[in-house]
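Reading through the structure tokens given below for one structure.
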Amino acid sequence: MIQEIPLVEMKNITKAFPGAIAIDNVDFELLPGEIHVLVGQNGAGKSTLVNILAGTIKLDAGTIKVNGELVKFNNPSDAQKQGISLVPQEIPIFPDLTIAENIFMGVLPSKYKNKIFNIVDFKNLYKKAELALSKFNIHLNVNQLAGKLPIANQQLIIIAKALVRETRILIMDEPTACLGSKEIDILFDILKKLCAEEKIGIIYICHRLEEAKRVGHRITVLRDSRKTDTYDAKTVSTTTLIEAMTGKERVFKNFEKLKVTGEKGIDIYNLNHHRYLEEISFNISKGEIVGIGGVLGSGRSELLKIIYGIFPLDSGEIKIFGRKYVPSSPIEAIRFEIGYLPSDRNIEGLHLLQDVAFNISLPSLSQLISKINIVDRKKEKKETNEVVQRLQIKTRSNKSPVWTLSGGNRQKVSVAKWIFAKSKIILCDEPTRGVDVAAKDEIYQLIRELASRGITFLISSPDVEELLKVCDRIILMKMKKIIVDFESKDLSEKEILNLIL
Amino acid sequence: MKKNVNYDKYYFIRNQGLLLVFIGMFIFFAILSPYFLTVSNIFNVLRQSSVLFLLAAGQTLVVITGGIDLSHGSLIGLCSTVIGLALLNYGFLEGIFIGLLMGLISGVICGILIGWRKLEPFIVTLGMMFAIEGVSLIITGGQPVFGIEDQVLKKFSFIGQGYLMKVIPVPVIILGIFIVIMYIVLHRSVFGRYILAVGGNEVAARLSGISISKTKIITYSIDGLLVGIAAIILTSRAGSGQPLMGSGILLESIGAVVVGGVSLKGGEGRVFQVLLGVFFMSFMVNGLDMLGMSTFVKQLLIGCIIILGVMIRLRKTS
């Protein structure tokens, strides 16, 4: 592979978003027939880098060469014309169209050679689709609906879709997050075959290091928006990679450990869910902040959703403050004084068009009613104002609609909901996603302060730094199971990454 | 549109804009027609508005939750039919009771199908529209229900044709009462908060502990009940049960909601908007009548006004 013209050569790529630099002076190279793995912690800049290459994000500075020629991408279709395809984490499939139609959508073969009677030549279409899939050694009826396929096969369809468009450079963003180990084997065989036979280059973002070493030829590590180094996947050790990802040993303990009274909080025995959880058991005392770490698909966010009653539970027992609790719906969870902050607050957590007071008082309007279910608006104004001030939410007034607030303040509104509802337990899924650095620290402080007043927190996060910063105890999950449960001062960032990756 | 506009101010200007157009139209008609601005004409328009407001109010509740109710017109026909039959065979109170009950039953059925079985509101109410009309035609064979006893009819027609203190028509009193009730339901009650929450963001509402199905079932039930009341007024005015009474009225009620500026996407809506939409439609139709405009031209103008209403709304969201 020496002296070949690289498929992609990115030099001095820099991209800044308001408030943060996402990619700082990064070089990247991809050779024909190579699988080049990108690893790095959350927020290291992996996604930004590939999105720049796929044309979805414009770069601030730097050059991109494809096949040795300088190119400039203004939009995704520019990149597609150069043979670059991105397979995102959420698979963009048309569930109600057939496999063949999915693969050839946009380039469907026409029966006649004119624009007026543009009728699809289905015979030809199915033949071509079967041919496209035969490269993968899988046999599917190309006439069936794509939405009925398992996710692993849907992924292959998207890859096939990219290949029929003469893709030379395939970018895959965490393709294995939702796959089982057998499906991963199949996918890797296919990827390796594609590289060897068709000389395609693949950029592969992943979170599991063993996978990176298994599938990749080279591994590039990103850390804090910069490139650390590129390693040969055959020879590099996992320890070296983790060292490269974390940098020098950092100590995050800015807070004093909270005193825990030892009163019972959440007790969980042997929780099972056929897709997400296996034999989960742990106990949390009242007023404790416990973090749940793990990569995407490890079951950490699903655990919170199951406790909150969004997903049904297969078996297991939960006790809240010693009382038996059967999760059935959020209504039941709220009755047990549990609150939940979803990871995507704009879509799942807030009513953006409504004002701050509306959002804060929504789960606990029963506190505010006088007679016959009429909301006491004076009381509402007074009490929501108190919460707004206590959490220092920056808003013009509590009658401003929530969409006018910044990300950090929106998250505070979601917290305020449960403070106002007097929840004793708050489940947070990625509490600082999409929040800028300064606001992150504010939210951490807020969580610490609330915990010191006896509110129990269960925080799920993919971000090890976040867990170490805010939690006293951390539970790590991998492949649906708890792998370790420890006091956060006992393990370092590196040791944690070693366990979850 | 300038950027960084204060949201609240913007909102106010938009509503006031519609109000200004309404006032402008009012003055225009008042100048051109000497009869337009007489007490009897104004009360006459208000009396006609009362039915439209009841329907538009029900429609608004449904629209706020993100749905739509297409069954208004045929439900009025069925309610009118059964009211007529009840008046004929039983009496005054039974007539009123059965009208309300019929509306409620239809609303509950829609609510259960939409809220609990999670079917598409458009399809459910479209089906209901045909089914209900079928039922009233089966019952009556397409003929109006005549022959109600004079004594019963006299009492009953007071609702739609009577006057309080010899000036104020009874439907106008009903209108006033329901404006207040709707204001309380939508802007003061817990239920009002819940429908805004469900329509604005169903997932977030569910995670906040609101029962989506319960909220929707109650919404469609109230909607049905309001249609029942509207049917009582209309039947009282007609003096007989009319199975085809509601034809055409559905589109007027949706039109009033849209012109008022309630978003069909759901999640927002105010009583003030509905009221303005209703008055806009009624006074415009009346004014054009006064000017001797033909029904055909009227039709054309109403269509244009509805599209204009949507355009105003779109400018706001962009």
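Taking Cβ atoms as reference points and 14 Å as the exclusive limit, the residues near A:G83 contribute a net charge of +2, counting Lys and Arg as +1 and Asp and Glu as -1.
Each Lys or Arg adds one and each Asp or Glu subtracts one; over the other residues with Cβ under 13 Å from the Cβ of B:Y194, this totals +4. Evaluating 6.51 cos²θ - 1.76 cosθ + 1.60 at θ = phi - 60° for every residue in region A:389-396, the Karplus couplings come out as 6, 5, 8, 6, 7, 8, 8, 4 Hz, glycine and proline recorded as x.
Shielding value for A:356-363 is 4, the average number of Cβ atoms from other chains within 10 Å of each residue's Cβ. Shielding by partners for peptide B:179-192, expressed as the average number of C-beta atoms from other protein chains within 10 Å of each residue's C-beta, is 3.
Extension gain for A:E4 to A:S237 (0.36 nm times residue separation, less C-alpha to C-alpha distance): 81.2 nm. Charge dipole of chain B (Cα centre as origin; +1 on each Lys and Arg Cβ, -1 on each Asp and Glu Cβ, all else neutral): 1120 debye, rounded to the nearest 20.
DSSP assigns beta bridges within region A:264-500; of those with both partners inside it, close to 55 percent run antiparallel.
Rg and Dmax of region A:324-422, both derived from C-alpha coordinates alone, stand at 13.5, 43 Å. FRET efficiency for the A:L296 to A:K123 pair, using the beta carbon distance and R₀ = 41 Å, is estimated at 0.50.
The helix-only estimate of mean residue ellipticity at 222 nm for chain A, built from DSSP H runs of length n ≥ 4 each weighted as -39500 (n - 2.57), is -9500 deg cm²/dmol after division by the residue total. Spatial offset of region A:279-294 relative to region B:51-116 amounts to 52 Å, using the alpha carbon center of each.
Antiparallel beta bridges, as assigned by DSSP with both residues in chain A, represent about 55 percent of the total such bridges. Taking amide H atoms as placed 1.01 Å from N in the peptide plane, the amide H of B:L119 lies under 5 Å from those of B:I114, each 5 or more residues away in sequence or on another chain. The phi-based Karplus calculation (6.51 cos²θ - 1.76 cosθ + 1.60; θ = phi - 60°) puts the 3J(HN,Hα) values of region B:256-269 at 4, 4, 5, 4, x, x, 7, 6, 5, 6, x, x, 8, x Hz, whole numbers, x for Gly and Pro. The HN-Hα couplings worked out from phi for region A:443-460 by the Karplus form 6.51 cos²θ - 1.76 cosθ + 1.60 (θ = phi - 60°) are 5, 4, 4, 4, 4, 4, 5, 5, 5, 5, 9, x, 8, 8, 10, 10, 10, 9 Hz, whole numbers, x standing for Gly and Pro.
Sorting the segments A:444-456, B:36-48 by their mean number of nearby beta carbons within 10 angstrom, highest to lowest, gives A:444-456, B:36-48. In terms of its C-alpha gyration tensor, chain B has an oblate overall shape, because the principal axis ratio a/c (a ≥ b ≥ c, square roots of the eigenvalues) is not below 1.5 and a/b does not outweigh b/c. For A:I347 and B:T295, the FRET efficiency from 1/(1 + (r/R0)^6), where r spans their Cβ atoms and R0 equals 56 Å, is about 0.70. First select every other residue whose beta carbon is under 14 angstrom from the beta carbon of A:V107; then total the charges, Lys and Arg +1, Asp and Glu -1. Computed value for this residue: +1.
Counting, for every residue in B:210-219, the Cβ atoms of other protein chains within 10 Å of its Cβ and taking the mean gives 1. Build a GNM of chain B with springs between Cα atoms under 10 Å apart, and of B:I83, B:I174, B:I232 the one that fluctuates most is B:I174.
None of the figures in this text is laboratory data; all of them are computed from the coordinates on show. Remember, predicted model here, so these are calculated numbers, not experimental data. Because the Cβ atoms are built from the backbone with ideal geometry, glycine has one as well, and the counts that use them run over all protein chains shown.
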